[in-house]
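The values are calculated or read from the model by the stated rules, or taken from the named source; none is laboratory data. Note that this is a predicted model, so its numbers are computed, not measured. For neighbour counting, all protein chains shown are included, and Cβ atoms are generated from backbone atoms with ideal geometry for every residue, glycine included.
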Amino acid sequence: MPSTKKLLLAAAVFMSFSHLAQAAWPEHAITIIVPAAPGGTTDIASRLMAEKMAVTLKQPVVVENRAGAAGIIGSQAAARAAPDGYTLVMGNIGPNAINYSLYKTLPYKPQDFVPITLAISVPNVLEVNEAQPVKTAAELVALLKKDPSARSFGSSGAGQSPHMSAELFKQRTGTEATHIPYKGAGPAVAALLANQFTYMIDNLPSSMPHIKAGKLRALAVTGEKRSPMLPDVPTMKEAGIDNMVVTAWFGLMAPAGTPAPVIDKLYEAARDALRAPDVVSKFRELGGEPGGNTPAEFGAFIERERAMWEQTVKAAGMYKEQ
């Protein structure tokens, strides 16, 4: 009996210290892993939020880029991190929805992450270098059909929404072009600025500054409606391409097992960051819509996205055995 009492007392003391540790959280810097190169929407959204969250949480929030393999490298690192709230990941439509049906095996699974909140939703944009002779989506289609073997398109990585959008574009228009993947939107946009391939479909925020500067020409957006920031650019449907509505999304996640009270604090800090007038203004200036839904709502949203993209990948015949 005494040993039982000692065990109960030890358990009570452990739980007490555990609660105290959670109450004191955070005690040092927090890292947000960005599974892409600097310059893309994942990176932009993370840095804007990190600055605001650091003020709320009273600890530094550091953004760490771990690009490569369609977001798999960074996502795997986050899934293997200690579930203590000090390592997060800016998940997105690629590694956290598309990849599960695109690849037969992955070094992580949906259950390895716990959702915090949706950060930003954005349409994609069909674009070319301003030096290209095409002015409309129809003219691009005609160019691609004229000499498909000489045409190529870039993307932020295999399996990401820009790549999948471009594959859908090829299907919908009956065109062909060689895919050139990069380790994130930043390098892909830089290559398009150098006119190293024919066209690209990109998340709008990472291309918006160059479209506004006249260096890239936007031909169509993948949203259901025109972007308020590009009112003269038609939707894909308006450009004569049906069934091409794609919305890219990005949101904070933590490793599975992260304590609920810590998730709650992270959610509150992220939500407040997304409500900050300057962040809202910046997101909308880039053509995006800020999120801020609850962890439960974000989790349900991700599940719907996984199911939707599974159907899309299978219909596109893009399932990979590796």
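See the values below:
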{"read-out": "So residue 276, is it touching a helix residue (DSSP H, G or I) at 6+ places or on another chain (Cβ under 7 Å), outside the structural domain of residue 97 (by TED's automatic domain parsing) and either closer than 22 Å to residue 92 by Cβ or among the aliphatic types (A, V, I, L, M) (or both)", "value": "no"}
{"read-out": "Cβ pairs under 6 Å, 6+ apart, first in the range 182-197 and outside the structural domain of residue 152 (by TED's automatic domain parsing), second assigned to a helix (DSSP H, G or I) and aliphatic (A, V, I, L, M)", "value": "none"}
{"read-out": "The range 249-274 residues that are basic (Lys, Arg), paired with ones that are in a helix (DSSP H, G or I) and surrounded by 18 or more Cβ atoms within 10 Å (Cβ to Cβ) (beta carbon under 9 Å, 6 or more apart)", "value": "265/57"}
{"read-out": "Odd one out for residue 229 among (1) at pLDDT 95 or above; (2) surrounded by fewer than 22 Cβ atoms within 10 Å (Cβ to Cβ); (3) hydrophobic (A, V, I, L, M, F, W, C); (4) not assigned by TED's automatic domain parsing to the domain that holds residue 130", "value": "(1)"}
{"read-out": "Residue that is surrounded by the fewest Cβ atoms within 10 Å (Cβ to Cβ), among those in the range 43-75 that are assigned to a helix (DSSP H, G or I) and either in the same structural domain as residue 207 (by TED's automatic domain parsing) or of a type in the set (Lys, Arg) (or both)", "value": "47"}
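Every residue, every condition in (1) under 14 Å from residue 270 (Cα atoms); (2) at pLDDT 95 or above, yes or no:
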| residue | (1), (2) |
| --- | --- |
| 5 | no, no |
| 9 | no, no |
| 16 | no, no |
| 27 | no, yes |
| 32 | yes, yes |
| 39 | no, no |
| 50 | yes, yes |
| 54 | yes, yes |
| 59 | yes, yes |
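Per-residue answers, yes or no, for (1) assigned to a loop (DSSP other than H, G, I, E, B); (2) surrounded by fewer than 24 Cβ atoms within 10 Å (Cβ to Cβ); (3) at pLDDT 95 or above:
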residue	(1), (2), (3)
111	no, yes, yes
115	no, no, yes
122	no, no, no
125	no, no, yes
142	no, yes, yes
149	no, yes, no
154	no, no, yes
158	yes, yes, no
164	no, no, no
